[in-house]
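Everything on this sheet refers to the single structure shown next.
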């Protein structure tokens, strides 16, 4: 660790002379409070308001308020290359087994379309259970559900190498319940397309 | 008591040891590419485009008028503008537990970031490095610009 700190300090001293940097916090997509903490040998600067910015030159930080216009001017090309945001779909199951509800069967078509249209799409299929049964049983069941949905997608023409199936058992309920509660909203498979 | 401490220490050491970021592990994929984009891996310069995998230890470089967008496995989005050099120093993400860690460095150019699942779950295990500072994130989107000639 000391070595890392030391090299960081030396690196900072060496580079501070020739590089200038700018960091700007953007509004978050979901509108939630967010922040960036900028640390260097001298201490830290917290950017916690949209468009809060800092420029760094010769080891000196200058805080300033940027704007949508400035960000667009300096970072427009960069931001335009940001990949499309991942989207997430939830499919539900009939009690106990791995048969999709009719509504969820229908939703599969939309998902297939999105997988086909996104450039270099990748898909993570994540299975979940309610809390009926043991943790081990539910780990197995959640993976089976994820695999059955993955197989459905493969059968419908989605290349298998785009897909991975994961089981998260009962540890990530959509609706928190006591153990052994039959909660249909928790018997689900999430499909995350990125 | 002492036993418990040893246990904790060993667990900690195991964690550090097992930790992330072996070169060659897939960290993400290029989803957007414009102009000359290349990946430097194990001393070789490989042309890169939409669909190219990005691995731990890769250096992603863009030329004049070029840009690149990468989605990491935890849904972190990165993009770099012209004349940029970005290094994936560390990336690990466990699908099942959603634990992970990442460390990304910008040597020059511009980088924009929309953080993903690792930053949401364990923000302390995510950092971004510029030539002179380290950035920690708290559920965040931000941009960085580095002027200078930090090529290596």
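The values are calculated or read from the model by the stated rules, or taken from the named source; none is laboratory data. Remember, predicted model here, so these are calculated numbers, not experimental data. Glycine also receives a Cβ, built like all others from the backbone with ideal geometry; neighbour counts cover every protein chain displayed.
Just wondering, is there one or more residues in the stretch A:7-15 that are at pLDDT 95 or above, touching a strand residue (DSSP E or B) at 6+ places or on another chain (Cβ under 7 Å), surrounded by 17 or more Cβ atoms within 10 Å (Cβ to Cβ) and not assigned by TED's automatic domain parsing to the domain that holds residue A:131?
Checked against the condition, which is being at pLDDT 95 or above, touching a strand residue (DSSP E or B) at 6+ places or on another chain (Cβ under 7 Å), surrounded by 17 or more Cβ atoms within 10 Å (Cβ to Cβ) and not assigned by TED's automatic domain parsing to the domain that holds residue A:131, the stretch A:7-15 yields no hits at all.
Restricting to the stretch B:45-74, what's the tally of residues that are within 11 Å of chain A (Cβ to nearest Cβ), more than 24 Å from residue A:116 (Cα to Cα) and buried (at least 24 other Cβ atoms within 10 Å of the Cβ)?
1
What are the residues in the stretch B:42-74 that are in a strand (DSSP E or B) and touching a helix residue (DSSP H, G or I) at 6+ places or on another chain (Cβ under 6 Å), if any?
Selection gives B:67 alone.
Wholly within the stretch A:22-82, which strands (runs of 3 or more DSSP E) include no fewer than the required count, namely at least 1 residues that are farther than 21 Å from residue B:81 by Cβ and at pLDDT below 90? Don't jump to the end; show me each part of the working.
Numbers: elements: A:35-40, A:43-47, A:52-57, A:60-65.
Counting at least 1 such residues, we get A:35-40, A:43-47, A:60-65.
Can you name the number of the only condition in (1) within 8 Å of chain A (Cβ to nearest Cβ); (2) in contact (Cβ under 8 Å) with a residue 60 or more places away in the chain that residue B:28 fails?
With respect to (1) within 8 Å of chain A (Cβ to nearest Cβ); (2) in contact (Cβ under 8 Å) with a residue 60 or more places away in the chain, residue B:28 is out only on (1).
Scan the stretch A:25-64 for residues that are within 14 Å of residue B:135 (Cα to Cα) and within 7 Å of chain B (Cβ to nearest Cβ) and report the count.
So the answer is 9.
Just give me the residues in the stretch B:115-133 being facing chain A (nearest Cβ under 10 Å), under 23 Å from residue A:27 (Cβ atoms) and either over 12 Å from the mean Cα position of the chain (by Cα) or surrounded by 23 or more Cβ atoms within 10 Å (Cβ to Cβ) (or both), in sequence order. Lay out the reasoning, then the answer.
Let us first name the residues in the stretch B:115-133 that are facing chain A (nearest Cβ under 10 Å), namely B:115-117, B:119, B:123, B:127-133.
This time we only want the ones that are under 23 Å from residue A:27 (Cβ atoms), so: B:115-117, B:119, B:123, B:127-128, B:130, B:133.
Those that are facing chain A (nearest Cβ under 10 Å), under 23 Å from residue A:27 (Cβ atoms) and either over 12 Å from the mean Cα position of the chain (by Cα) or surrounded by 23 or more Cβ atoms within 10 Å (Cβ to Cβ) (or both): B:115, B:116, B:117, B:119, B:123, B:128, B:130, B:133.
Which of the residues that make up the stretch B:75-92 are in a strand (DSSP E or B) and surrounded by 24 or more Cβ atoms within 10 Å (Cβ to Cβ)?
B:77, B:78, B:79, B:80, B:86, B:88, B:91, listed by residue number.
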